Amino acid sequence: MTADVAIVGAGVLGASIAWHLTALGIRDIVLFDRGEPGQGSTARATGGFRAQFGTALEVRLALLAREKLRRFREEVGVDAGYEPHGYLWLARTAAELETLRQANGMQRECGLAEARILDSAEIARVNPAVRGEFAGGAYCPTDGFIRALRILDGYLSGARKRGARLRTGVAVEGFRLERGKVTALRVAGEEIPCGTVVIASGAWSAAVAGMAGVLAPVSPLRRQVALTEPTSVLPASMPLTIFVEDGFHLRVRDGRVLLLLPTPGNSGDAFDTSVEPRWLDDIARIARERVPVLAEATIDRQGSWAGLYEMTPDHLPLLGFSGEVENLFLACGCSGHGVMFSPALGQLGAELLAGRTPSLDVEALRPDRFRKGKAAPGAALL
Ligand SMILES: Cc1cc2nc3c(=O)[nH]c(=O)nc-3n(C[C@H](O)[C@H](O)[C@H](O)COP(=O)(O)OP(=O)(O)OC[C@H]3O[C@@H](n4cnc5c(N)ncnc54)[C@H](O)[C@@H]3O)c2cc1C
């Protein structure tokens with residue numbers, strides 16, 4: 001076996017890069033995954049999509065992704081499940097509202113004209129289930145929901161139909177390097193000659209890139225999700241609703257409510273994805289206080305889950321050639337937004353790999369920005 005392009009990781013990002021490469025006529029591709037496709041973070045995503053971000057580049061990435069999600073069925077042959085039920089941000093204080101206002105101004109300048117600032121009466125109309133005093137909020141009706149596994153399956157099966165190959169259940173264990181280039185991957189004791197390597201290994205990217213001596217500043221961050229038992233106390237059309245004060249947010253999916261509250265990572269094993277029983281109690285209490293109808297819903301403790309965000313220091317993805325090893329390309333570090341960005345990053349990554357000018361200026365995503373002191377300060381809203 002040989003490969004023009006070897007992709008390490010068959011999550012949503014690796015699959016999107018593969019599909020977009022095949023669309024550009026590059027078809028001698030092999031995707032390697034040590035497990036099954038999606039079993040990293042992709043299958044654990046809750047399926048939020050938004051363009052209300054804190055930096056212009058993220059807004060532009062999301063707008064490109066949204067355009068591609070809208071024509072996903074036509075282009076990829078699968079329904080990506082894009083449902084524009086909106087994202088509602090809630091500010092309790094004037095300072096929180098000012099953060100939303102500044103972000104909203106920038107978002108509108110980038111073309112997100114429908115995102116707007118709300119007063120408390122409008123908040124009550126957009127989501128009548130929330131209780132509390134609010135200084136105001138921000139709302140964008142075209143934000144909403146997508147289906148992570150449908151996007152992954154669409155890209156992966158489309159790429160395979162055009163000739164890309166997939167090897168599952170095999171970990172990439174190392175690289176052969178000659179004169180500053182990778183010439184082969186080591187997989188299950190075998191050496192596979194390759195032209196270019198793409199690291200799309202999600203939260204595990206630092207370790208994979210490290211095997212080639214390349215720095216990929218991606219660290220895992222556990223994110224827990226509390227799931228309720230089936231309930232009809234909230235409508236399926238409720239916008240994803242986020243409290244700016246602590247990032248607590250909730251949405252309805254398939255007749256259950258998903259509750260999230262960012263917590264610091266695990267102090268022990270950084271890759272631990274267990275769910276803390278006490279965290280479930282805490283989030284259930286917070287949910288009942290802020291959305292009183294949830295007093296009628298019980299938490300499905302067995303069904304609740306956790307997964308890993310793949311964080312970079314500025315919370316922006318890494319997309320581009322590493323700079324240290326000539327033919328090693330990084331496509332990772334989406335910092336918890338990899339599903340929603342995957343249509344855009346797959347297209348832009350494939351364009352860069354094919355030596356084309358990318359449709360969007362993604363210079364700020366160059367993986368060597370940290371080494372060269374060129375990283376912009378992040379402006380994460382969540
Ligand atoms: C609880 C939770 C909720 C989330 N909600 C959202 C959301 O609402 N919207 C959104 O956009 N994003 C969300 N995310 C983030 C999203 O899941 C990730 O950003 C995205 O899945 C990253 O995709 P990926 O392809 O880069 O990585 P992954 O899906 O993790 O894929 C990487 C793959 O690399 C493989 N791999 C690793 N090491 C090796 C090796 N040595 N050899 C071979 N294969 C290897 C792994 O097996 C894995 O399959 C959420 C994440 C979590 C945990």
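Each value in this text was obtained by applying a stated rule to the coordinates, not by laboratory testing. Everything quoted here is computed from the prediction, not taken from an experiment. Glycine also receives a Cβ, built like all others from the backbone with ideal geometry; neighbour counts cover every protein chain displayed.
Might you report the magnitude of the Cβ-based charge dipole of the chain about its Cα centre, with Lys and Arg at +1 and Asp and Glu at -1, to the nearest 20 debye?
Roughly 560 debye for the chain.
Can you tell me how the range 88-202 classifies by the Cα gyration tensor, rounded, prolate or oblate, using a/c under 1.5 as the rounded cut?
prolate
What number, in percent, do you get for the relative contact order of the chain if the mean sequence gap of Cα pairs under 8 Å and at least 6 apart is divided by its residue count?
24
Name the residues whose placed amide hydrogens come within less than 5 Å of the amide hydrogen of H337, ignoring near sequence neighbours (fewer than 5 apart) on the same chain.
Correct list: empty.
Calculate, for K181 and K161, the FRET efficiency according to 1/(1 + (r/R0)^6) with r their C-beta to C-beta distance and R0 25 Å; round to the nearest 0.05.
After rounding to 0.05, the efficiency reads 0.25.
Order these peptides, 308-316, 187-195, 268-276, by their mean beta-carbon neighbour count within 10 angstrom, highest first. Numbers along the way, then the final one.
On the way: 308-316: 22.2, 187-195: 14.8, 268-276: 13.1.
Going by the mean number of other Cβ atoms within 10 Å, highest first, we get 308-316, 187-195, 268-276.
Any lysines with Cα under 29 Å of the K372 Cα? List them, leaving off those in the same chain fewer than 8 positions away.
Partners within reach: K181.
About the Cα centre, and with charges only on the beta carbon of Lys, Arg (+1) and Asp, Glu (-1), how big is the dipole of the range 214-346? Nearest 20 debye, please.
400
Going toward the positive end of the dipole of the chain, with +1 on Lys and Arg Cβ and -1 on Asp and Glu Cβ, which of T22, A6, L250 do you reach last?
Farthest towards the positive end: T22.
Return the sequence-ordered ³J(HN,Hα) values of the range 170-186 in whole Hz as given by the Karplus equation 6.51 cos²θ - 1.76 cosθ + 1.60 applied to θ = phi - 60°, using x for Gly and Pro.
Whole-Hz 3J(HN,Hα) from phi for the range 170-186: 9, 7, 6, 9, x, 9, 8, 10, 9, 6, x, 10, 7, 10, 7, 9, 9.
Sequence gap at least 6, Cα distance under 8 Å: using those rules, report the relative contact order of the range 1-88 to the nearest whole percent.
Numbers: 64 pairs, mean separation 19.7, N = 88.
Relative CO of the range 1-88 lands at 22 percent.
Roughly what % of DSSP beta bridges within the chain run antiparallel, to the nearest 5?
70
Which shape class applies to the range 84-129: rounded if a/c is under 1.5, otherwise prolate when a/b exceeds b/c and oblate if not, where a ≥ b ≥ c are the square roots of the Cα gyration tensor eigenvalues?
Oblate is the answer for the range 84-129, as a/c is 1.5 or above yet b/c matches or exceeds a/b.
Given charges of +1 on the Cβ of Lys and Arg and -1 on the Cβ of Asp and Glu, with all other atoms neutral, how large is the dipole of the range 88-163 about its Cα centre, in debye to the nearest 20?
620
Which is farthest toward the positive dipole end of the range 32-102 among Q39, T93, L64, measuring Cα position about the Cα centre, with Cβ charges +1 (Lys, Arg) and -1 (Asp, Glu)?
T93
Under 10 Å, Cα contacts only: if you run a Gaussian network model on the chain, which one of G255, G48, G320 comes out with the highest mean-square fluctuation?
Maximum fluctuation in the GNM of the chain, among the listed residues, is at G255.
Calculate the spin-label point distance for A43 paired with A207, positioning each point 7 Å from the Cα along the beta-carbon direction, and give it in nanometres.
1.8
To the nearest 0.05, what FRET efficiency results for E191 and D269 with a Förster distance of 22 Å applied to their C-beta separation?
Calculated value: 0.10.
Which residue, G213, G202, G11, has the most motion in a Gaussian network model of the chain that connects Cα atoms within less than 10 Å?
Largest GNM mean-square fluctuation: G213.
Using a simple spin-label model with points 7 Å from Cα along the Cα→Cβ vector, what separation in nm is obtained for A56 and E122?
For the pair A56/E122, the computed spacing is 2.4 nm.
Which shape class, rounded, prolate or oblate, goes with the chain when its Cα gyration tensor gives a ≥ b ≥ c as root eigenvalues, a/c under 1.5 marks rounded, and past that a/b bigger than b/c marks prolate?
Prolate shape, in that a/c is at least 1.5 and a/b is the bigger ratio.
How large is ³J(HN,Hα) for each residue in the range 157-167, as worked out from phi by the Karplus curve 6.51 cos²θ - 1.76 cosθ + 1.60 (θ = phi - 60°), to whole Hz, x for Gly and Pro?
5, x, 5, 5, 4, 8, x, 5, 10, 10, 10
Would you mind putting 62-74, 287-299 in packing order, based on average other-beta-carbon counts within 10 Å, highest first?
Descending packing order for the listed peptides: 62-74, 287-299.
Which cross-chain or sequence-distant (5 or more) residues have an amide H under 5 Å from the amide H of L88, H modelled 1.01 Å from N in plane?
Placed amide hydrogens put L240, T241, I242 under 5 Å from L88.
So what is the 222 nm mean residue ellipticity for the chain from helices alone, if each DSSP H run of at least 4 adds -39500 (n - 2.57) and you divide by all residues, rounding to the nearest 500 deg cm²/dmol?
Taken over the chain, the calculation gives -8500 deg cm²/dmol.
How high is the relative contact order of the range 244-382, in percent, counting Cα pairs under 8 Å that sit 6 or more residues apart?
18
Using modelled backbone amide H atoms (1.01 Å from N, in-plane), which distant-in-sequence or interchain residues come within less than 5 Å of A184's amide H?
Residues meeting the criterion, in which the H sits 1.01 Å from N, are R176, C194.
In nm, give the distance between the simple-model label positions of S237 and E276, each being 7 Å from the Cα along the Cα-to-Cβ direction.
Taking the simple label geometry, S237 and E276 are separated by 3.8 nm.
Could you give the length gained by full extension between R131 and S359, i.e. 0.36 nm per residue of separation minus their alpha carbon distance, to one decimal place?
77.8 nm
Need the C-alpha centroid separation for the range 335-369 versus the range 31-104, integer Å.
What the calculation gives is 15 Å, centre to centre.
Which lysines have a Cα less than 28 Å from the Cα of K68, not counting those fewer than 8 places away in the same chain?
K161
Please turn the phi angles of the range 137-154 into ³J(HN,Hα) values with the Karplus equation 6.51 cos²θ - 1.76 cosθ + 1.60 (θ = phi - 60°), one per residue in order, whole Hz, x for glycine and proline.
Working through the residues one at a time gives x, 10, 9, 9, x, 8, 6, x, 10, 9, 10, 4, 6, 5, 5, 4, 4, x Hz.
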